[in-house]
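Okay, so here's the structure we're looking at.
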Amino acid sequence: MELLFEIDKKDYDPDGEVFRRPSARAVIIQDGKIAVIYSRKNKFYKIPGGGVEAGEDNISAMIREVKEEVGLTVKPETVKEFGYVHRIQRGKHEPVFIQDNFYYLCSVEDGQELPQYSDAEKREEFVPVFVDLTEAIRVNEEYVKENSLDSMIERELRVLKIIQEKQLC
């Protein structure tokens, strides 16, 4: 899979213990809009997806996360590699946090179920939406201006801009 970009905060001890947590994310474009999760609390958009569990492959994790976070069912035969982002920084609870975020283009079946959010996601007041790509970029640019240390939304903003550059939406 193609490396889209790397985020290296250089805020970690290079000799520190490393924690790795890969994630898999879905780029779902439908009727000219992109499926994202909006945080009503903090006013940002994120691309659906999350951590790959032990014994799970990236695509299975992405399909599971899409069902949990946006209530949509991915059509497995439509899944295509988009690219990945390599992120390294000091973790919240560990000296070095490394995450490869694998992004896949895919389509979904008609119909949507209620998302199954974790307590942390409920506190963020997440809501799944299809939104205009330029609106998602605008909102995340505003968020990043005020929250420059949030590398997750910085990553999502950069991926959204690559989707725009490739004219996928």
**OP:** Look through the stretch 69-93, keep the residues that are assigned to a helix (DSSP H, G or I) and touching a helix residue (DSSP H, G or I) at 6+ places or on another chain (Cβ under 9 Å), and return whichever of them is surrounded by the fewest Cβ atoms within 10 Å (Cβ to Cβ).
**Re:** Pro76
**OP:** Return the residue satisfying two criteria in turn: it lies in the stretch 12-28 and is surrounded by 13 or more Cβ atoms within 10 Å (Cβ to Cβ) and not in a strand (DSSP E or B), and of such residues it is modelled with the highest pLDDT.
**Re:** Pro22
Subject >> Looking only at the stretch 113-169, and only at residues there that are in a loop (DSSP other than H, G, I, E, B), free of Cβ contacts under 8 Å to residues at least 60 places away in the same chain and hydrophobic (A, V, I, L, M, F, W, C), the one that is nearest to Lys41 (Cα to Cα) >> reply: Leu149
**OP:** Output the residues belonging to the stretch 96-133 that are farther than 17 Å from Leu160 by Cα and exposed (fewer than 13 other Cβ atoms within 10 Å of the Cβ).
**Re:** Glu109, Asp110, Gly111, Glu113, Leu114, Gln116, Ser118, Asp119, Ala120, Lys122, Arg123
Original post:
Pick from the stretch 134-167 the residues that are among the small types (Gly, Ala, Ser) and modelled with pLDDT under 95: which of them is surrounded by the most Cβ atoms within 10 Å (Cβ to Cβ)?
Top reply: Ser151
Original post:
Would you say Lys46 is touching a residue at least 12 places away in the same chain (Cβ under 8 Å) and over 14 Å from the mean Cα position of the chain (by Cα)?
Top reply: no
Subject >> Output for the stretch 57-92, where each listed residue is touching a strand residue (DSSP E or B) at 6+ places or on another chain (Cβ under 9 Å), more than 22 Å from Leu168 (Cα to Cα) and free of Cβ contacts under 8 Å to residues at least 40 places away in the same chain >> reply: Asp57, Ser60, Ala61, Arg64
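The values are calculated or read from the model by the stated rules, or taken from the named source; none is laboratory data. It should be emphasised that the depicted structure is a prediction, and the values quoted were computed from it without experimental measurement. Please note: Cβ atoms are built from the backbone with ideal geometry, for glycine as well, and neighbour counts cover all protein chains shown.
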